[in-house]
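Please treat every number below as a calculation from the coordinates, not as lab data. All values derive from a computational prediction rather than experimental measurement. Here Cβ is always computed from backbone atoms with ideal geometry, including for glycine, and neighbour counts include all displayed protein chains.
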Amino acid sequence: MSLIVEQLARERWVVEGGVAHLPRGRKPRLLSLDIERAGIIGVNIRPRATTVALSDLNGSFDFQESFPTPREPQGLIKALAAMIERLVEVHSGKTFEGIGISVPGRVDRTTAKLVFAPNLGWRDVDLKGPLERATKIPVLVENAANACALAETWSGPFAGVQDLIAVTVSEGIGTGIIANGRLVRGPGGAAGEFGHVCIDPSGPPCNCGSHGCWEVYASNAAAVRAYNEDPPSRSASTRYRKSHAQASVEDFKDLLSLADRGDVRACQVLERMGRYLGYGLAILINGLAPSVITIVGEVTRAWDKIGPVVQTVVEERSKTHSATRIVPTDEVMQPRLRGTVALVLQKHFQPSMFP
């Protein structure tokens, strides 16, 4: 323990404080993280928007800014490099320990390249190399769901849990799996793509090139599409059916707002989304039986409507007697950004969770 502390002190991660008083024995010297010295930059890339944040070593964010995600990766790299350079200049007194980046796709564990991000339409993109050259700061790139899983077991309410799955519900669906205390990535880093497990081979086309994937039924984009394209059920009122022909929503937040105001069709679509979420979660539980499944995304705002539907479907379709808990993550906790910070911190403070 003394050797570890000495190394952390040499690297200026920790500083010594006062001496504690105990009834007997040697008086211990108090230690604390040197919060003021270091900063970590977190980047969360999503198809619509990219968020950049500056965190201290406790995971508290001092700065956040979002901008529309450029259509081409080179445009994103240029925008990120410029924003990070400004951050470094404004906080010139800090040592920047790393840049953690979460992406909506799979990352090659050898090259750290973004292999394929269906909802961005990008393949074989190197974010790490150009950003490291531009900023002179180490860069770690990881799948968003993996980053969320890491965040939950690093500093969230499930810190220390050995078997957990983080399910990110956004434009698509991602799953980050921790089994026996280690992040499951597979030989090339492609493990965990349950969002592209086929629910119905004759179903709608998916951005991955297949048909009937879980995410074409249960993602935010699927819910918006269902609201705009599917006809109202016969249970909806005549007045509502007439007005629906002229109503549409642009994004999932609009759909949630309509449901909050009692829009019949929006509530129907969320119930449908909950059923399909339940189908996929039952597959995860039957196959892996984790202790906890955490749900990440805007869908958690409507969990009072969706959660009971999910639970009913899971109970109907999962007969393994697993005691898995399904828990919505509080958006205020910003699990994606916390995951990007955890990517950097875990390299210094605990044995790697990566196989």
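So how strong a dipole does the chain carry about its Cα centre when Lys and Arg Cβ are +1 and Asp and Glu Cβ are -1, to the nearest 20 debye?
320
With each label point set 7 Å from Cα along the Cα-Cβ vector, what nm distance links Lys27 and Asp163?
4.8
In nm, what is the difference between 0.36 nm times the number of residues separating Phe63 and Asp260 and their Cα-Cα distance?
Contour length minus Cα-Cα distance gives 67.9 nm.
So what is Rg over Rh here for the stretch 247-339, counting just Cα atoms and using Kirkwood for Rh?
Rounded to two decimals, Rg over Rh is 1.01.
If amide hydrogens are placed 1.01 Å from N in the peptide plane, which non-local residues have theirs closer than 5 Å to the one on Ala191?
Gly186
State, in angstrom, two size descriptors of the stretch 156-333 derived from its alpha carbons: Rg to one decimal place and Dmax to the nearest whole number.
Reported Rg and Dmax, both Å: 16.8, 56.
Considering the zone a paramagnetic label at Ala81 would reach in this model (a point 7 Å from Cα along the Cα-to-Cβ line), which residues of the stretch 101-134 have amide N under 18 Å from it?
Residues passing the 18 Å test: 101, 113-114, 125-134.
Just want the ordering: Thr324, Thr51, from fewest to most Cβ atoms lying within 10 Å of their own Cβ.
The most exposed by this proxy come first: Thr51, Thr324.
For Lys128, go through the aspartates and glutamates and keep the ones whose alpha-carbon is under 19 Å away, minus same-chain ones fewer than eight residues off.
List returned: Glu72, Glu85, Glu97, Asp108, Glu142.
Say R0 is 41 Å: what FRET efficiency, to the nearest 0.05, do His321 and Asp108 get from their beta-carbon distance?
Plugging the Cβ-Cβ distance into 1/(1 + (r/R0)^6) gives 0.65.
Ranked from highest to lowest mean number of other Cβ atoms within 10 Å per residue, what is the order of the peptides 272-282, 85-95?
272-282, 85-95
Please identify which residues in the stretch 169-199 have an amide N closer than 18 Å to a label point set 7 Å out from the Cα of Asp251, following the Cα→Cβ vector.
Label zone hits: 169-173.
Ranking request for peptides 100-110, 258-268: highest mean number of other beta-carbon atoms within 10 Å first, then the rest in descending order.
100-110, 258-268
From Cα pairs below 8 angstrom and at least 6 apart in sequence, can you work out the relative contact order of the chain, rounded to a whole percent?
16
Can you tell me the order of 290-299, 116-125 when each peptide is scored by its average per-residue count of other Cβ atoms within 10 angstrom, highest first?
Ranked by mean Cβ neighbours within 10 Å, highest first: 290-299, 116-125.
What would the Debye formula give as log10 I(q)/I(0) at q = 0.11, 0.12 Å⁻¹ for the alpha-carbon point model of the chain, no solvent?
-0.78, -0.91
With just the Cα atoms defining each centre, how far is the stretch 60-87 from the stretch 88-162? Give it in Å.
With the stretch 60-87 and the stretch 88-162 each reduced to a Cα centre, they are spaced 13 Å.
Helix-only estimate, please: 222 nm mean residue ellipticity of the chain, summing -39500 (n - 2.57) across DSSP H runs of length 4 or more and dividing by its residues, to the nearest 500.
Estimated from H runs of four or more residues: -11500 deg cm²/dmol.
Could you list Met83, Met1 so that the one with the fewest beta carbons within 10 Å of its beta carbon is first and the one with the most is last?
Lowest to highest Cβ neighbour count: Met1, Met83.
Between His91 and Asp304, with labels modelled 7 Å along Cα→Cβ, what's the label distance in nm to one decimal, could you check?
Once both label points are built, they end up 3.6 nm from each other.
Stretch Gln74-His211 to full length: gain in nm at 0.36 nm per residue minus the Cα-Cα span?
Difference between extended and current length: 46.4 nm.
In square nanometres, what is the average projected area of the Cα convex hull of the stretch 51-99?
Its average projected convex-hull area is 3.6 nm².
Can you tell me the dipole magnitude for the stretch 156-333 around its Cα centre, using point charges on the Cβ only (Lys, Arg +1; Asp, Glu -1), in Debye to the nearest 20?
Here the stretch 156-333 has a charge dipole of around 400 debye.
At q = 0.13, 0.21 Å⁻¹, what is the log10 ratio I(q)/I(0) for the stretch 133-220, with the Debye formula run over Cα points and no solvent?
-0.51, -0.98
Using Cβ contacts closer than 10 Å as the measure, can you line up Ile4, Ile285 from fewest to most?
If I rank by nearby Cβ atoms, fewest first, I get Ile4, Ile285.
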